[in-house]
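Asks: A single structure is presented below for examination.
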Amino acid sequence: MKASSYRDKWSVLKKEGCDPDELKRLSHQIAYSFLDHYLKDCGYEEDYIDLLCEITTFSEDPKLGNPGAQALFGIIVETLCDDFEELQTATYNKVMAQVISYCRDIPAGKQLDLTLRHFGIYSQKDLLDRITKIRANGTSLPREKQIRKILLLSRVTIGADVAITSVIIQRLSKAFPKADIVLIGENKLEEIYQGNPSIRVRKVPYSKKGGLLERLSSWHVILQIVEEELSTCPLERTILLDPDSRLTQLGILPIISPDQYFFFDSRSDTSLNRKMSMAELTNSWLNTIVGEDHFCYPKVWIRRSYLDHAEQFCENLRNNGAERIIVVNFGVGGNLRKRLGRRLEEKLLLTLLQEPKTVIILDKGYGEEEAADIRSLIEVIRKHGHWVAHSAFGSATLEKMCPGLIGVTTRIGEIAALIAKSDEFIGYDSACQHIAAALGTPCLTIFAGSNNMRFIRRWSAYGPRSCDIVHVDTLTNPGAIDVEDITARIMHVRDIRNH
């Protein structure tokens, strides 16, 4: 459908009073129509993007503004960014430059416009010229340079921060041992980094489900933090590393002088990196900018109190007869395409519990919806005759628990500590697989929702011990998912690893 037809629908919706469900439906139709044109012949229809921007910014009510933003980011942006191909990367840059240019021209974007002008950016072309130059920049960082402060942007998602920023922290700590490392990101970073006293976290909120201007507002907070940090350390002694962060909309928004800015183009496409995981690719990039060949696995630094509680919890399980403790997490970070559904999850848990002296710690996930789903799943396991229980992290371990299943309510740092003290981790593609790999806990990841082989290679867990995957094609024939076959493959991979 032409953009003009969608605009007519949008005009009717505004006149009649916007219904959030209708707005969501219209936003999805516009986003998919943009991709239809793009996939057919790489056509770029600006009107679709402008219309989504208009829908996203016309109201301050999140119920009315968020559907457009979620369609823009969840459908168009994710599709372009997950391909790891040059054309899609360039198209993403074009989309985001257009979005930012739209936002700076509306009344609510006045501050955005003023700040961009401060950086000498006056047009959409200026934004595109800047990101093109940044991606082509191969500037190295001489070891003799007296760096006293390293500002590092978070990737926003925990899994990406483990796979990428933890590697950057280790490598730059080695190269510049006297430098102060400041990690800029959300509160939850402290859960997995607080155990490292050399890292200081500056907190910046970022709403992955918020409206368009809400997402862009994080940039202003970062600029303020950078200004505060530069007040205690000269610019020439400071560097900022942007690991393709959502906080800058993947490098589109400027932060600091180009001479002090180092951008990790994690979506790059060259013949040399097509088989690399994100951890390997990050090390390869750091070899270039630091001028030293070295390698660090991803790592997490969990607070001591979490580790002590987890150790006591697992020790009590083993004292009660458990010989194998498996942490399972069925969270998918809101991306339901990565899930295989209840039947598979039930079958997998029941099959694992057939192994003698096994206890499963099942993470209840984030939010009431996920917790309710897990409680329902646990009830099914109980009806099959297995001993089950509910607990919260830090509570006393239940007696006579082997074999059996415990549903545990945790924070990200707490589930990380349990993974550290367990024998194995199993879950979908999510933060926990990267945490398990970083901790050296054998892990198995079930990859669904993507047939892009490079995406799977990039985001597979990478660590010093076994990190296995089972890929399930849910895209070409979702009705033919064979629960028995998938479970058998998972058990086969585990059997090979354990023996």
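The values are calculated or read from the model by the stated rules, or taken from the named source; none is laboratory data. Because the structure is predicted, anything quoted here is derived from the model rather than measured. Cβ placement follows ideal geometry from the backbone for every residue including glycine, while neighbour counts extend to all protein chains displayed.
Asks: Filtering the stretch 468-486 down to residues that are acidic (Asp, Glu) and in a loop (DSSP other than H, G, I, E, B), which residue is farthest from GLY341 (Cα to Cα)? Step through it out loud before you land on a result.
Replies: Within the stretch 468-486, the first condition is being acidic (Asp, Glu), and the residues that meet it are 468, 473, 482, 484-485.
If we keep only those that are in a loop (DSSP other than H, G, I, E, B) as well, we get 473, 482.
Values: ASP473: 13, ASP482: 11 Å.
Ranking the qualifying residues of the stretch 468-486, first place goes to ASP473.
Asks: Inspect all residues belonging to the stretch 198-209 and state whether any of them is modelled with pLDDT under 95, within 20 Å of VAL290 (Cβ to Cβ), small (Gly, Ala, Ser) and surrounded by 19 or more Cβ atoms within 10 Å (Cβ to Cβ).
Replies: No, because not a single residue in the stretch 198-209 is modelled with pLDDT under 95, within 20 Å of VAL290 (Cβ to Cβ), small (Gly, Ala, Ser) and surrounded by 19 or more Cβ atoms within 10 Å (Cβ to Cβ).
Asks: Check SER266, SER231 and return the single one that is of a type outside the set (Lys, Arg) and within 24 Å of CYS81 (Cα to Cα). Give the derivation first.
Replies: Working: SER231 fails: within 24 Å of CYS81 (Cα to Cα).
The conditions single out SER266.
Asks: Then there's this: When the stretch 422-474 is examined, which residues are found to be charged (D, E, K, R) and surrounded by 21 or more Cβ atoms within 10 Å (Cβ to Cβ)? I'd like the intermediate steps shown before the answer.
Replies: Filtering the stretch 422-474 down to residues charged (D, E, K, R) leaves 423-424, 429, 454, 457-458, 465, 468, 473.
Selection gives GLU424, ASP429, ARG458.
Asks: In the stretch 1-20, which residues are free of Cβ contacts under 8 Å to residues at least 12 places away in the same chain and closer than 20 Å to HIS37 by Cα?
Replies: LYS2, SER5, ASP8 - these are the residues of the stretch 1-20 that are free of Cβ contacts under 8 Å to residues at least 12 places away in the same chain and closer than 20 Å to HIS37 by Cα.
Asks: Give the residue, chosen from TYR193, TYR206, that is in contact (Cβ under 8 Å) with a residue 60 or more places away in the chain and touching a strand residue (DSSP E or B) at 6+ places or on another chain (Cβ under 9 Å).
Replies: Details: TYR206 fails: in contact (Cβ under 8 Å) with a residue 60 or more places away in the chain.
After ruling out the rest, the residue left standing is TYR193.
Asks: With respect to ASN320, determine if the residue is outside the structural domain of LEU114 (by TED's automatic domain parsing) and under 30 Å from PRO403 (Cα atoms). Quick ask: steps written out before the conclusion?
Replies: Details: outside the structural domain of LEU114 (by TED's automatic domain parsing): yes; under 30 Å from PRO403 (Cα atoms): yes.
Answer is yes for this residue.
Asks: Would it be correct to say that ILE55 is in the same structural domain as MET96 (by TED's automatic domain parsing) and under 14 Å from MET96 (Cβ atoms)? Reasoning before the result, please.
Replies: On the way: in the same structural domain as MET96 (by TED's automatic domain parsing): yes; under 14 Å from MET96 (Cβ atoms): no.
Here the answer is no, as ILE55 does not meet what is asked.
Asks: Let me ask you something else. Examine the stretch 445-462 for a residue that is over 24 Å from ALA279 (Cα atoms), out of contact with any helix residue (DSSP H, G or I) (no Cβ under 9 Å at 6 or more places or on another chain), touching a residue at least 60 places away in the same chain (Cβ under 8 Å) and not assigned by TED's automatic domain parsing to the domain that holds SER268, and state whether such a residue exists.
Replies: Filtering the stretch 445-462 for residues over 24 Å from ALA279 (Cα atoms) gives none.
The answer is no; no qualifying residue exists.
Asks: Would you please name the residue that is nearest to ASP482 (Cα to Cα), looking only at residues in the stretch 347-374 that are surrounded by fewer than 16 Cβ atoms within 10 Å (Cβ to Cβ) and more than 25 Å from the chain's Cα centre (by Cα)?
Replies: This residue is THR351.
Asks: Right, something else. Out of all the residues in the stretch 428-442, is one or more hydroxyl-bearing (Ser, Thr, Tyr) and in contact with a Gly (Cβ under 6 Å, 6 or more places away or on another chain)? It would help to see each step written out before you state the result.
Replies: Of all residues in the stretch 428-442, those hydroxyl-bearing (Ser, Thr, Tyr) come to 428, 430, 441.
Cutting the leftovers down to in contact with a Gly (Cβ under 6 Å, 6 or more places away or on another chain) gives us 430.
Within the stretch 428-442 (the criterion being hydroxyl-bearing (Ser, Thr, Tyr) and in contact with a Gly (Cβ under 6 Å, 6 or more places away or on another chain)), the answer is yes, since at least one residue qualifies.
Asks: Name the single residue that is nearest to GLU369 (Cα to Cα) among those in the stretch 291-321 being surrounded by fewer than 21 Cβ atoms within 10 Å (Cβ to Cβ) and of a type in the set (A, V, I, L, M, F, W, C).
Replies: Among those that are surrounded by fewer than 21 Cβ atoms within 10 Å (Cβ to Cβ) and of a type in the set (A, V, I, L, M, F, W, C), it is LEU307.
Asks: If only one of ARG465, ARG489 is farther than 25 Å from ASP83 by Cβ, assigned to a loop (DSSP other than H, G, I, E, B), basic (Lys, Arg) and touching a residue at least 12 places away in the same chain (Cβ under 8 Å), which one is it? Break it down stepwise before answering.
Replies: Working: ARG489 fails: assigned to a loop (DSSP other than H, G, I, E, B).
Step by step, each of ARG465, ARG489 is checked, and only ARG465 is farther than 25 Å from ASP83 by Cβ, assigned to a loop (DSSP other than H, G, I, E, B), basic (Lys, Arg) and touching a residue at least 12 places away in the same chain (Cβ under 8 Å).
Asks: Please find, among ILE374, ILE381, the residue that is at pLDDT 90 or above and in contact with a helix residue (DSSP H, G or I) (Cβ under 6 Å, 6 or more places away or on another chain). Full working, then the answer.
Replies: Values: ILE374 fails: in contact with a helix residue (DSSP H, G or I) (Cβ under 6 Å, 6 or more places away or on another chain).
Criteria check complete, one pass: ILE381.
Asks: Something else: Looking at ILE255, ILE326, which is the one that is on the phi < 0 side of the Ramachandran plot, assigned by TED's automatic domain parsing to the domain that holds TRP387 and β-branched (Val, Ile, Thr)? Break it down into steps so the answer makes sense when it comes.
Replies: Numbers: ILE255 fails: assigned by TED's automatic domain parsing to the domain that holds TRP387.
Only one candidate passes the filter, namely ILE326.
Asks: Is it fair to say GLY365 is out of contact with any Asp or Glu (no Cβ under 6 Å at 6 or more places or on another chain) and either outside the structural domain of ILE326 (by TED's automatic domain parsing) or on the phi > 0 side of the Ramachandran plot (or both)? Steps first, please.
Replies: Working: out of contact with any Asp or Glu (no Cβ under 6 Å at 6 or more places or on another chain): yes; either outside the structural domain of ILE326 (by TED's automatic domain parsing) or on the phi > 0 side of the Ramachandran plot (or both): yes.
Against the criterion (out of contact with any Asp or Glu (no Cβ under 6 Å at 6 or more places or on another chain) and either outside the structural domain of ILE326 (by TED's automatic domain parsing) or on the phi > 0 side of the Ramachandran plot (or both)), GLY365 qualifies.
Asks: With the stretch 1-62 as the region, which helices (runs of 4 or more DSSP H) entirely inside it contain at least 3 residues that are surrounded by 14 or more Cβ atoms within 10 Å (Cβ to Cβ) and within 28 Å of the chain's Cα centre (by Cα)?
Replies: Values: elements: 3-16, 20-41, 46-57.
Helices (runs of 4 or more DSSP H) meeting the threshold: 20-41, 46-57.
Asks: On to the next question. From (1) touching a strand residue (DSSP E or B) at 6+ places or on another chain (Cβ under 7 Å); (2) at pLDDT 95 or above, pick out the condition that doesn't hold for ALA416.
Replies: (1)
Asks: All but one of (1) within 27 Å of the chain's Cα centre (by Cα); (2) within 19 Å of ILE255 (Cα to Cα); (3) among the acidic types (Asp, Glu) hold for ASP82; state the number of the condition that does not hold.
Replies: It fails just one condition, (2).
Asks: Something else about it: Specify the residue that is nearest to LEU240 (Cα to Cα); the eligible residues are those in the stretch 93-143 that are in a helix (DSSP H, G or I) and among the small types (Gly, Ala, Ser).
Replies: Step one: of the stretch 93-143, the residues in a helix (DSSP H, G or I) are 93-104, 107-118, 124-136.
So of that shortlist, the ones also among the small types (Gly, Ala, Ser) come out as 97, 101, 108-109, 136.
On the way: ALA97: 22, SER101: 25, ALA108: 29, GLY109: 26, ALA136: 17 Å.
In this case the residue turns out to be ALA136.
Asks: Can we say GLY333 is buried (at least 20 other Cβ atoms within 10 Å of the Cβ), in a loop (DSSP other than H, G, I, E, B) and not basic (Lys, Arg)? Even if it seems obvious, please write down each step before you answer.
Replies: Numbers: buried (at least 20 other Cβ atoms within 10 Å of the Cβ): no; in a loop (DSSP other than H, G, I, E, B): yes; not basic (Lys, Arg): yes.
Here the answer is no, as GLY333 does not meet what is asked.
Asks: Being part of a helix (DSSP H, G or I), in contact with a Phe, Trp or Tyr (Cβ under 7 Å, 6 or more places away or on another chain), over 27 Å from LEU475 (Cβ atoms) and β-branched (Val, Ile, Thr) narrows it down to one of ILE456, ILE378, ILE415, ILE419, so name that one. I'd like the intermediate steps shown before the answer.
Replies: Details: ILE456 fails: over 27 Å from LEU475 (Cβ atoms); ILE378 fails: in contact with a Phe, Trp or Tyr (Cβ under 7 Å, 6 or more places away or on another chain); ILE415 fails: in contact with a Phe, Trp or Tyr (Cβ under 7 Å, 6 or more places away or on another chain).
Within the list ILE456, ILE378, ILE415, ILE419, the selection yields ILE419.
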